[in-house]
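Here's the structure we're looking at; comments come further down.
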Amino acid sequence: MQVVPRRRVTQVVAVVACVIALETACQRPVRSTVPGRPTAAQMAELWVEPSPRRDLFWGVGGRRLAPDPDVTYTVTDVKRTGFSRGYDVDGPDGREWSVKFPPEAPTEVVASRILWAVGYHQPPIYYLPRWTAEKAPLPNPQEAARFREKKPDLHGLDATGQWSYYENPFIGTVQLNGLVVLQVMLGNSDLKDDNNALYELSTPYERARRWYVARDLGQTFGRTGVLDAPRGEIEVFERTPFITGVENGRVKFDWRGRHGALLDSISPDDVRWICARLNRVSQRQWRDAFRAGSFPPEIADRFIRRLKQKIHEGLSLKG
């Protein structure tokens with residue numbers, strides 16, 4: 001086992017401490033972009049009451065919009081930034097895709113299915129365990145990857161911009177607070193603005209022509225953190241706490257990342273609200289969600305068991 005020099009460890013700790021201190025000192029204000037409470041029509045742009053029969057294997061796009069694993073894609077760009085590698089690719093049918101590789105590819109697909117299961121809008125995304133490409137930096141077959149189509153054939157769905165947890169029409173609502181709590185439960189502290197997409201639709205779908213989407217959910221199923229937080233690590237996920245207490249009517253969480261201000265106003269009611277909706281997800285749906293990310297059944301069952309423990313913890317919260 002390689003021994004890391006104490007000086008290096010100290011330097012890393014110092015850097016992390018400085019990052020957290022700067023983040024705290026420069027914390028952005030949280031404010032609504034609309035006067036008063038959002039209308040029902042506005043709220044539908046973030047969340048709708050879902051059907052209990054949602055298919056968590058194929059997701060919102062169904063089998064129809066899934067990428068074909070048997071055709072050859074063409075790489076048009078190689079992504080060199082971010083935690084996980086990725087490509088832009090074109091299919092022989094002219095469809096354009098954003099491709100992301102592990103470790104964030106499978107966790108993103110599963111997290112997306114869970115958000116959609118409880119009513120938060122999501123774009124169609126899929127996980128391909130096998131596929132081939134020309135003009136790729138590495139030989140075929142390509143590594144398993146997450147595929148997200150740039151302009152899917154889904155009511156004209158098109159990403160037109162970004163939105164922020166700090167400034168949006170839903171500040172103070174149980175639906176937005178529930179989304180933040182769900183991110184905590186999944187271990188996702190990567191809540192920066194450019195991970196959120198604003199979508200426009202040509203015709204209403206899921207009761208709205210505009211969707212506020214929490215996207216790029218790959219930093220999940222490990223724990224929160226500032227630098228190199230674990231992703232898809234069952235042992236870490238199992239041993240990481242969820243709720244640490246309640247103070248002055250506000251819930252405290254095990255949170256090791258930026259954006260702590262987003263958790264400052266979370267009430268027990270917010271936690272119970274999202275946990276009640278997660279509690280309606282059937283065992284088959286849970287397993288389909290993890291199957292969509294190609295998790296082995298024995299690992300999927302451990303993740304599901306820990307999620308259900310968190311749901312029970314949230315439902316039992318007093319106050």
For segment 181-233, report the accessible area per residue in Å² (1.4 Å probe, heavy atoms, rounded to an integer). 33
Per-residue ³J(HN,Hα) for segment 190-205, Karplus 6.51 cos²θ - 1.76 cosθ + 1.60, θ = phi - 60°, Hz, x for Gly and Pro: 8, 9, 6, 4, 6, 8, 10, 10, 9, 10, 10, 10, 6, 9, x, 9
Size descriptor, Kirkwood hydrodynamic radius, that averages inverse alpha-carbon separations across segment 172-236, Å: 13.3
Contour minus end-to-end for Ala144 and Thr72, with contour as 0.36 nm per residue of separation and end-to-end as the Cα-Cα distance? 24.5 nm
If I take R0 = 41 Å and measure r between the Cβ atoms of Asp228 and Thr132 in this structure, what FRET efficiency does the formula 1/(1 + (r/R0)^6) give, to the nearest 0.05? 0.85
Residue separation between Glu200 and Ser267 times 0.36 nm, minus their alpha-carbon distance, gives in nm 21.0 nm
Explain nothing, just the number: relative contact order of the chain, from Cα pairs under 8 Å at least 6 residues apart, as a whole percent. 20
Remind me, relative contact order of segment 225-319 in percent, using alpha carbon pairs under 8 angstrom and six or more residues apart? 32
In whole angstrom, note down how far apart the Cα centers of segment 50-85 and segment 88-153 are. 3
List the residues whose amide H sits under 5 Å from the amide H of Ile266, counting only those 5 or more places along or on another chain, with H placed 1.01 Å from N in the peptide plane. Val251
Lys pairs, the chain - Cα-Cα below 16 angstrom, 8 or more residues apart or on other chains: 7
Assign one of three labels to segment 19-109, namely rounded, prolate or oblate, based on the Cα gyration tensor with a ≥ b ≥ c the square roots of its eigenvalues; rounded applies when a/c is under 1.5, prolate when it is not and a/b is larger than b/c, and oblate otherwise. oblate
Of the heavy-atom accessible surface of segment 63-154 (probe 1.4 angstrom), what whole percent is carbon and sulfur? 49
Using a simple spin-label model with points 7 Å from Cα along the Cα→Cβ vector, what separation in nm is obtained for Lys192 and Val236? 1.8
Quick one: what are the phi-derived ³J(HN,Hα) couplings along segment 91-96, Karplus 6.51/-1.76/1.60 with θ = phi - 60°, whole Hz, x for glycine and proline? x, x, 8, x, 6, 9
Stretch Gln27-Arg80 to full length: gain in nm at 0.36 nm per residue minus the Cα-Cα span? 16.2 nm
Using modelled backbone amide H atoms (1.01 Å from N, in-plane), which distant-in-sequence or interchain residues come within less than 5 Å of Ile125's amide H? Val60, Gly61
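The values are calculated or read from the model by the stated rules, or taken from the named source; none is laboratory data. For clarity, every value in this text was computed on a predicted model and none was experimentally measured. Heads up, the Cβs are rebuilt from the backbone with ideal geometry, glycines too, and the neighbour counts pull from every protein chain shown. The accessibility values were calculated without ligands, DNA or RNA, using every heavy atom of the protein model including side chains. Shrake-Rupley method; radii C 1.70, N 1.55, O 1.52, S 1.80 Å.
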